[in-house]
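A.B. asks: What follows is a single structure, and I will ask about it in a moment.
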Amino acid sequence: MGGEGAAPGLPLSGRRVLLGVTGGVAAYKSVLLLRLMTEAGADVRVVMTPSATRFVGPDTFAALSRHPVYSDVFDRTDAVLHVRLAREADVAVVAPATANVLAKLALGIADDLLTSTLLEAQCPLVMAPAMHTGMWSSPATQTNVRILVVRGAHMVGPADGALAAGDEGTGRMAEPPEILAAIVDALSIAEPQTDLAGRRILVTAGPTHEPIDAVRYLGNRSSGRMGFAVASEAARRGATVTLVRGPVELSDPSGVEVIAVETAEEMAAEVLLRFAEQDAVVMAAAVADFRPEHMAQGKIKKETGVPELRLAPTVDILATLGKRKVRQVLVGFAAETESLEAEARRKLAEKNLDLVVVNEVGRAGTGFSSATNRAAILGRDGMDEPLRDWTKPELAAAICDRVARLFGPV
């Protein structure tokens, strides 16, 4: 858990986080966010609005944070509670942030413990809006969001997807790993790390989609979160970052040049075009190994029977970079279900890599679309990080640490 005993290498080691939970269905996701923050080394204090307690009980947050949960200004009469909570926090995060709390904060209303604390706080503020599409898109909410952003608040989301009452649209709270990354970014902006300053780093992320016909494609389960975490971390540490991403459902990271592609061929073209000017390339994308040899015109009709699908190999971008590299640091990824170390070392040698990150996939809680990775980092220099569980921001930080060491002094 977080606090003074947290390991110093964790991205939120020793950080004091104020987590505000407001009254929305997405409050259940804040339980996972709390766990991710404590696993990242944070010491978290939770403040809930009274309506939030109707969705998730305070005891759940108290058990995970190992601290009392407060929801009323008068919970502690022996201290000015909102002042103490505000001054102890290194960063504050509101997840979910309802339209109501956005309006209150924009207007400076402090009529409960959470808004009183946030009005007093001088630390960075991260907000994860969550509401129905109409509420999010209303002129009042959008005006309030702009006011808060101008004042320095960091907004993460909302995303498109399923909402309460069976609706679909924009307003879904960002996933906890994205919010965690935004918290790390907000702290880094306040206290920047510059060990990658002056470096140019290209990162790939997400899957590629190889079209079968006008509506179908070959693809994989990659969410892109790992590559996005690396791109954000490298930018945070001063690098000039280009992110070449496949089709993902993530908000593009700030401070990063983003190039969107669909297919392996398009990704290869964009990466190879820019390779010579890069100091490092981190190939976190899960590029399809095969593509349909021919794309059918229009949509293949089911009534015509099962089509014959002939596959052709896609370009091996990582191997091509390994053959072309002169001075660049090259980082590859391997997703394996067995013989992880052996497969990673083979890839390290055959593709002329400096580092390879090998992920265990094929089981719950790790790999594609999960909040955590069970991974190891193997280096050509013989320095290895053993197989263990990481959050994606934590693994991204470790990768950037290794890349910075390989660069040496600027």
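A.B. asks: Can you tell me, using C-alpha contacts under 8 Å and at least 6 residues apart, the relative contact order of the chain as a whole percent?
C.D. replies: Worked out over the chain, it gives 11 percent.
A.B. asks: Grab every C-alpha pair in the range 16-189, bin the distances at 5 angstrom width from 0 up to the longest one, and report whole percents.
C.D. replies: Bins of 5 Å from zero give 1, 9, 19, 24, 23, 15, 7, 2, 0, 0 percent of pairs.
A.B. asks: Tell me, what is the Rg over Rh of the range 285-410, with Rh the Kirkwood radius over Cα pairs?
C.D. replies: For the range 285-410, the value is 1.09.
A.B. asks: Related question: What order, most packed first, do the peptides 391-402, 303-314, 116-127 have when packing is the mean number of other Cβ atoms within 10 Å of each residue?
C.D. replies: 391-402, 116-127, 303-314
A.B. asks: Next question, about the same structure. Any idea how far apart ASN352 and SER51 come out in nm if each label point goes 7 Å out from Cα toward Cβ?
C.D. replies: 6.0 nm
A.B. asks: Over 21 Å between Cα atoms: which of LYS323/LYS392; LYS325/LYS347; LYS29/LYS392; LYS351/LYS392 fall into that group?
C.D. replies: Those over the limit are LYS323/LYS392; LYS351/LYS392.
A.B. asks: When the chain is fully extended, how far beyond the present Cα-Cα distance does LEU311 get from ALA197, taking 0.36 nm per residue of separation?
C.D. replies: Contour length minus the Cα-Cα distance gives 36.7 nm.
A.B. asks: In Å, what Kirkwood hydrodynamic radius results for the range 194-407 from the alpha-carbon pair distances?
C.D. replies: Kirkwood hydrodynamic radius for the range 194-407: 17.7 Å.
A.B. asks: Of the options MET267, GLY20, PRO50, report the single residue whose Cα projects farthest towards the positive end of the charge dipole of the chain (beta-carbon charges: Lys, Arg +1; Asp, Glu -1).
C.D. replies: Comparing the listed Cα positions along the dipole, MET267 ranks first.
A.B. asks: Report the full-extension gain for the segment LYS323 to THR304: residue separation times 0.36 nm, less the Cα-Cα distance, to one decimal in nm.
C.D. replies: My answer for the length gained is 2.4 nm.
A.B. asks: Follow-up question, since we're still on this one. Please get the size of the charge dipole for the chain, origin at its Cα centre, with Cβ charges of +1 on Lys and Arg and -1 on Asp and Glu, quoted in debye to the nearest 20.
C.D. replies: Around 320 debye, computed over the chain.
A.B. asks: With a sphere of radius 11 Å drawn around the Cβ of GLU336, what net charge do the other residues whose Cβ falls strictly inside it have (Lys, Arg +1; Asp, Glu -1)?
C.D. replies: -1
A.B. asks: Can you give the charge dipole size of the range 194-407 about its Cα centre, rounded to the nearest 20 debye, using +1 on the beta carbon of Lys and Arg and -1 on the beta carbon of Asp and Glu?
C.D. replies: Dipole of the range 194-407, to the nearest 20 debye: 180 debye.
A.B. asks: Moving on. Give the residue from ALA205, ALA231, TYR217 lying farthest towards the positive end of the charge dipole for the range 196-236; charges sit on Cβ (+1 for Lys and Arg, -1 for Asp and Glu) and the dipole is referred to the Cα centre.
C.D. replies: Highest projection toward the positive end goes to ALA231.
A.B. asks: Mind jotting down the three principal axis lengths of the range 91-182 based on Cα atoms? Whole angstrom, largest first.
C.D. replies: Per principal axis, max minus min of the Cα coordinates gives 37, 28, 23 Å.
A.B. asks: Something else about it: Taking one equal scatterer on every alpha-carbon of the range 140-180, how large is log10 of I(q)/I(0) by Debye at q = 0.15, 0.29 1/Å?
C.D. replies: Results for the range 140-180 at q = 0.15, 0.29 Å⁻¹ read -0.45, -0.97.
A.B. asks: How large is ³J(HN,Hα), in whole Hz, for each residue of the range 344-349 in order, when computed from phi with the Karplus curve 6.51 cos²θ - 1.76 cosθ + 1.60 and θ = phi - 60°, using x for Gly and Pro?
C.D. replies: Couplings: 5, 5, 4, 5, 4, 7 Hz.
A.B. asks: With +1 assigned to the C-beta of every Lys and Arg and -1 to the C-beta of every Asp and Glu, and no other charges, what is the dipole magnitude of the range 16-189 about the Cα centre in debye, to the nearest 20?
C.D. replies: 180 debye
A.B. asks: Based on alpha-carbon positions alone, could you give the equivalent ellipsoid semi-axes of the chain from the gyration tensor, as √(5λ), descending, whole Å?
C.D. replies: Listed largest to smallest, the semi-axes of the chain are 39, 26, 19 Å.
A short reminder: the numbers here are calculations on the coordinates, not readings from a lab. Everything numeric in this text was worked out from a predicted model, so none of it was measured. Ideal geometry is used to build each Cβ from the backbone, glycine not excepted, and the neighbour counts take in all protein chains shown.
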